[in-house]
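Values quoted throughout were computed directly from the atomic coordinates according to the rules given, and no laboratory measurement underlies them. Small disclaimer: the values here were computed from a predicted structure and weren't measured. Here the Cβ positions follow ideal geometry from the backbone for every residue, glycine too, while neighbour counts run over all protein chains shown.
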Number of protein chains: 2
Amino acid sequence: MIKVHVYVTLKAGVLDPQGSTITNSLHTMNYDEVQSVRTGKFIELEVENTKNLEQRVEEMCEKLLSNPVIEDYTYTIGEAVS
Amino acid sequence: MIKVHVYVTLKAGVLDPQGSTITNSLHTMNYDEVQSVRTGKFIELEVENTKNLEQRVEEMCEKLLSNPVIEDYTYTIGEAVS
């Protein structure tokens, strides 16, 4: 079994109202050192070892896990654990 | 300026309907190697260098960024960049 971590973030320039709201809330709570907040998704997959795993993970990201029009993704593929 | 990455995940045992839906969708798309999917949040903060930054980030996670009853969090604090 392999753990794959996918990080989906909004592209630069895409408005992030949730991030703005968090920034404002943190300022209200006196965390004035926070300049900006961007939110995204963190997705953890447990995957059986397969041929072409990297390519297949990229396909999953492109087709389902992210919206390539407005989002970027990165991923890390962990060590195989039985 | 320092980049802080916060990862918020559901605690083990907390149901994740969104993750189950993604798993089913991936199986429908013939990605049968996927055993399970858990979803979470990825939050990127840009923060001015402050005293006790680590402690303050933990406070933000406890008070606002996560719900400690059902969620866990981890964070990484990046290098200072001017």
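Inter-chain Cβ neighbour count for B:27-34, averaged per residue, equals 5 (cutoff 10 Å, partner chain atoms only). Across chain A, the longest piece that holds none of the trypsin sites (Lys or Arg not before Pro) lying in DSSP loops with up to 15 other C-beta atoms within 10 Å covers A:12-50.
Ellipticity at 222 nm from helices only: DSSP H runs of n ≥ 4 in chain A, each -39500 (n - 2.57), divided by the residue count, give -7000 deg cm²/dmol. The stretch B:7-63 has equivalent-ellipsoid semi-axes of 35, 13, 8 Å, by the square roots of 5 times the alpha carbon gyration tensor eigenvalues, sorted largest first. Closest approach to the axis carrying B onto A, counted by Cβ on chain B and given in whole Å with its residue, is B:Phe42, 2.
Inter-copy label distances at B:Leu53, using a point 7 Å along Cα-to-Cβ, come to 3.3 nm with the shortest given first. Relative to the dominant Cα principal axis of chain B, helix B:17-28 is inclined by about 50°. The mean number of Cβ atoms from other chains found within 10 Å of a Cβ in peptide A:43-55 is 4, as a whole number. Defining the label point at 7 Å along Cα→Cβ, can you sort the distances from B:Ala80 to the same site in each other copy, shortest first, in nm? Distances between equivalent label points, in nm: 4.5.
Radius of gyration (Cα atoms) of the protein assembly as shown, expressed as a multiple of 2.2 N^0.38 Å: 1.11.
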